[in-house]
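Colleague: This structure is in structure tokens; I'll ask about it shortly.
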There are 2 protein chains.
Amino acid sequence: MPYLTRDEPVDESIGCRILTAALQLFVERGYHNVSIHDVQKRAGVSIGSIYNHYGGKEGVAKGLYRHLLTELEAVIDNVIAGTPSPQAQCERVIRQLLDFTESRRDIMAFIFATRHREFLPGEPPICNSAPFMRLRDIVRHGIEQGTFRAMDPWVGASAVFGGTIRLIQLRLDGMVTQPLPELADELIVTTWRGVLPGEITTSAREA
Amino acid sequence: MPYLTRDEPVDESIGCRILTAALQLFVERGYHNVSIHDVQKRAGVSIGSIYNHYGGKEGVAKGLYRHLLTELEAVIDNVIAGTPSPQAQCERVIRQLLDFTESRRDIMAFIFATRHREFLPGEPPICNSAPFMRLRDIVRHGIEQGTFRAMDPWVGASAVFGGTIRLIQLRLDGMVTQPLPELADELIVTTWRGVLPGEITTSAREA
DNA sequence: GTCTATACGCTGATAGAC
DNA sequence: GTCTATCAGCGTATAGAC
């Protein structure tokens, strides 16, 4: 069952095979360029099974969406529970996301490079999903207790995670060729300089 | 003709009416949830005209895509030409993008919140388009001449523009309710702290 | 529960009048 | 160049056998 946290999908149940095939195809071609027949073919099951398990194409996407967000939420909650400060929590989450981009490319692409709104109108937008709210809560908490500089919470969240998300998207689009974990240290240093308090001694060096 | 730089689309030509209608519909529902008939209806023209002007649905999207990127490129080139330092160039571009998010919402949504790859397979990905390359060039130039700290160019580009792009996307998704220009100063301060050189005096304040 | 065969609607595209 | 009427193909969903 777990896609994000286990190495091989040991679960060979039909439901899991359907979700795995759908994830691959949706990421490869985009939801609307994938037909039920494509999913059925790659999963090695029949159309009837798909309708029995998920009620149709949109049901498959909905099941996949909820499942992956639940897994991501669990990962983040684990980090939060096992890490003391907001700063350390953010840093661990960032590193984890960079790692996942290499090891779980499809999942990251489905989460960070998909317009779910276009095929899951009933679902809450991904920015409002539990894992993303958790991340914003960390930042807000950090701002309140002075770990981060005082600033608008949305600016804070964008400053802390915007660079990471952008880098992930550039990597998923094939622009960045270097594995992201190798860039983690530079990215994190830059991120902390942006949001941590402290005076910055800018020696004016404009020509 | 110009969408991004002029206030009202004075051009009432059929070609412009088609692009305007398509832009609205694509942003509202997503490319695949819009039919030719929808575009034809909203533009107040016939299907035949659409095929005469753009050769079909994908042609409309392609025309829109190229036109908007060309306009954005011109805006960025103007900023570059009229602004001395890489830092000032980035800052002016960021403020301009935040302004456009309020005044040209549809255009920004089409550029920053659309998976063009899913319906324009022949076009180069938007990260490789001229305007985005220009932005990266500014950052690379700034790193080379020491305006920005030494770092991987991709990390630099993500650090400079990632927060802005994230904030724009959150605004387009309706999460951020405040007009972005009001948040510009905070965002820019944070961005520069991240990438500008200079020692930062972090008084350790972890509890 | 799983599968195959089929039906129906929608949509992109075309033909041909004006 | 602009328009209307029409077609053909695809894709979702269902019916019904096993």
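Where a number appears in this text, it was derived from the coordinates with a stated rule and is not lab data. If you're wondering where the values come from, they're calculated on a predicted model, not measured in any experiment. Here Cβ is always computed from backbone atoms with ideal geometry, including for glycine, and neighbour counts include all displayed protein chains.
Colleague: Taking the protein assembly as shown as the region of interest, what is the percent of Cα-Cα pairs per 10 angstrom bin, listed from the shortest bin to the one with the maximum distance?
Modeller: Computed distribution, short to long bins: 4, 20, 30, 26, 14, 5, 1.
Colleague: Between the label point of A:Glu73 and that of the same position in each other copy, find the distances and list them shortest first in nm, with every label point placed 7 Å from Cα along the Cα-to-C-beta direction.
Modeller: 4.5
Colleague: Something else about it: Which ³J(HN,Hα) values, rounded to whole Hz and listed in residue order, are derived for the stretch B:128-142 from phi using the Karplus coefficients 6.51, -1.76 and 1.60 in 6.51 cos²θ - 1.76 cosθ + 1.60 with θ = phi - 60°, glycine and proline given as x?
Modeller: 9, 6, 3, x, 5, 5, 4, 4, 5, 4, 4, 5, 4, 4, x
Colleague: Additional query: Which lysines, on any chain, are close to B:Lys41 with Cα under 27 Å apart, when same-chain ones fewer than 8 places away are left out?
Modeller: The reachable lysines, counting only those whose Cα sits under 27 Å from B:Lys41, are B:Lys57, B:Lys62.
Colleague: Between copies, how far does the label point of A:Pro179 sit from its twins, in nm, shortest first, when each point is 7 Å from Cα along Cα→Cβ?
Modeller: When each copy's label point is compared with this one, the spacings are 4.8 nm.
Colleague: Now for a different question. Distances in nm, one decimal, shortest first, from A:Tyr51 to the same residue in every other copy, taking the label point 7 angstrom along Cα→Cβ.
Modeller: The answer, with the shortest distance listed first, is 3.4 nm.
Colleague: Still on this structure, please answer the following. Got a sec to turn the phi values of the stretch B:89-101 into Karplus ³J(HN,Hα) couplings, 6.51 cos²θ - 1.76 cosθ + 1.60 with θ = phi - 60°, whole Hz, x for Gly and Pro?
Modeller: Values, residue by residue: 4, 4, 4, 5, 5, 4, 4, 5, 5, 5, 4, 4, 4 Hz.
Colleague: While we're on this one: Within 14 Å, Cβ to Cβ, of A:Gly44, how many net charges do the neighbouring residues add up to if Lys/Arg are +1 and Asp/Glu are -1?
Modeller: On the way: positive: A:Arg17, A:Lys41, A:Arg42; negative: A:Glu12, A:Asp38.
That works out to +1.
Colleague: Same structure, new question: List, in order, the whole-Hz ³J(HN,Hα) value for each residue of the stretch A:180-185 obtained from phi through the Karplus relation with A = 6.51, B = -1.76, C = 1.60 and θ = phi - 60°; use x for Gly and Pro.
Modeller: Karplus values, whole Hz, x for Gly and Pro: 4, x, 5, 9, 4, 4.
Colleague: Quick check of the Kirkwood formula: for the stretch B:89-207, what is the inverse mean of 1/r over all pairs of different Cα atoms, in Å?
Modeller: Every distinct Cα pair counted, the radius reaches 15.8 Å.
Colleague: OK, next. Kirkwood hydrodynamic radius for chain B: how many Å is it when counted over pairs of different Cα atoms?
Modeller: Numbers: mean 1/r = 0.0536 Å⁻¹.
Taking every pair of different Cα atoms in chain B, averaging 1/r and inverting gives 18.7 Å.
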